[in-house]
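What follows is a single structure, written as structure tokens, with notes after it.
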Amino acid sequence: MSFSPRALGMDVPITRRDFFDGIAVSCVAGSAAHKPLTPARPFTVRGDTSEALSVAHALRDGRFWERAGPPVPTGESYDLVVVGGGRGGRGAAAEWLRRRPGASVLLLDNHDRLDEREPAPTGFDAVMCDAESFGSDTLVATGSPGWIERLPIADRARRELRLLHDDPPDWFPGVPAEGKQERLAGLTYSGFLREVCGAHPDVERFCRTMPSAEWGYDTRAFGAIDAWGTGYPGFAGLQLGEEPSRFNSPTVRSRRHGAAPAAAVPALDGRVRVRASSPVVSVRDGAGSATVGYFDGHQVLTVAAGAVILACWSAVVPYLMPDLPPERLRALRQATRVPLLEATVRLRDADAWRRLGVRRVRWTGAYWCASAFTPPDTVRLLATPCRSELGPGAGSAAGRRELLMTPYSTLEHTVRDQLARLLGPVGFDPGGGIAEITVHRWGHALAPEYCRPWHAFYPDGPFPSDAARGRFGRIAIAGSDAVPAARGEAAVVAALQAVEELTR
Ligand SMILES: Cc1cc2nc3c(=O)[nH]c(=O)nc-3n(C[C@H](O)[C@H](O)[C@H](O)COP(=O)(O)OP(=O)(O)OC[C@H]3O[C@@H](n4cnc5c(N)ncnc54)[C@H](O)[C@@H]3O)c2cc1C
């Protein structure tokens, strides 16, 4: 079923917001009557388009220093300056102060606020087998008795999916366990379903977005060995036991070991001086101290530092420290991140979602792959711009470009369209039922883990992150890219490591 822009409410005045990596950008919306946005930062170049250009992008493109005046010393001096206020940066500041309670610590971040991110929705109650995958929309509550029979897929696919869930054969008879694991390590989960199981294309279409909300890419990039490690259908006949495989990515391996998640990052106490809206543009080690330069919206200011922890994205570091050894610069540049797109929708008619009877819905092929309700009135939708068929690295770079180019109005249209398709049957009016839409374009959301089949050097190494990490004079590198791992805990591990390197 398709809806006209008018029926979807594209011309209805509501609050609309558009953020790129946490920074508000102007947007072009369907209605001229939407509430004004937070003004674009002074240094953004074309702030009134959906193409958000930050200081970091100006640095990357070599435009920043052409326009910035000479740095101005503030005269301030700190024992530690932390660059980046994510979990890694906050963890590093807290650990430094735990070890040296009297220290002076400055934390610089480019966002206007330091927010903790809402966890991505996982554990779905239901799957929307959508028109994009299967020609029409059918919502199926998974796990309920006979749910596979209600899927709108080919009969053969239904039989195969039942087999994969209930009683899959040993696909590699006679092959020892290590050999089976090696074969899985050479495949994505989509490849496993197609090439090993010979499954009907509808099976792969149904499963495709199973890892998306957690990993930022779908089964065309998610490894078969990690699908086995996570308990996806199809592997029970291989009899590989409970122990993780050495080919499992670090998070899957530690989960199979039953590792408890790391402790939460301590809240920043009053001893840490926090400067938001302060992107760091240069870091230099010198004779008596290091010098850190940041842009305050008008000019570059500098502070002196006894030590510096770079808990920003590793790929940014070469622009802050271009004089690092070439092999280190090369390794740092390899630390790409997986993009995510998130929409938060405040409903006027939240009862519609309650009538739906499920909390979290996975979509098989639509633009937004996950939608979840948080009482009393908020829906979160998640999309994964990564072009999974290219793999996590190349796919993320391609997806990030698309994420930047997609106009806000397209995103709003897809949000309204999917909510109309999901909630329309229980009486939701997308025109009048929505009070507010906020879009977060996370260009640099998750540090992709080393994983098979994409990183042939994994698990034996050598790892680019080892070449990128490590103390450089008074400067150490932290953040989840330094591990690398897509989980919040990883950022804390890297923070502790960086503090240890600088204080031992
Ligand atoms: C929508 C979403 C949902 C998520 N859900 C989960 C979840 O459920 N569970 C989980 O474990 N993980 C989740 N994550 C991932 C988790 O948030 C990250 O793994 C973790 O926050 C990474 O921490 P970090 O410190 O390494 O990096 P970041 O949090 O990215 O922090 C780096 C900071 O450095 C700043 N920065 C970059 N360059 C500069 C510069 N030049 N100057 C100053 N500051 C700079 C950045 O703006 C950023 O604030 C989610 C992420 C997103 C986006």
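At-a-glance table
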item	result
Efficiency of FRET from Cβ geometry, R100 and D466, R₀ 30 Å, rounded to 0.05	0.65
Relative contact order, percent, region 232-301 [alpha-carbon distance under 8 Å, six or more residues apart]	17
For the chain: relative contact order, % (alpha-carbon pairs under 8 angstrom, 6 or more apart)	23
Neighbour-count ranking [beta-carbon atoms within 10 angstrom, fewest first] of E132, E501, E449, E489	E132, E501, E489, E449
Alpha carbon convex hull of region 153-256, volume per residue in cubic angstrom	90
Cα centroid of region 103-146 to Cα centroid of region 368-447, whole Å	9
Cα-based helix-to-principal-axis angle, 155-166 vs the chain, degrees rounded to 10	60
Fewest-first sequence of R362, R354, R208 by Cβ atoms within 10 Å of each Cβ	R354, R208, R362
Evaluated over region 292-415, the Cα radius of gyration and Dmax, each in Å	20.3, 60
Fewest-first sequence of S2, S388, S133 by Cβ atoms within 10 Å of each Cβ	S2, S133, S388
Degrees, to the nearest 10: 408-423 long Cα axis against longest axis of the chain	40
For the chain, calculated [θ]222 nm from helices alone, where every DSSP H run of n ≥ 4 adds -39500 (n - 2.57)	-8000 deg cm²/dmol
q = 0.09 Å⁻¹, the chain: log10 I(q)/I(0) [Debye, one scatterer per Cα]	-0.69
For region 153-256: relative contact order, % (alpha-carbon pairs under 8 angstrom, 6 or more apart)	34
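Read the figures in this text as sums done on the coordinates, not as results from a lab. Treat the numbers as computed from the prediction; the structure is a model and nothing was measured. Neighbour counts run over all protein chains shown; Cβ positions are idealised from the backbone, glycine included.
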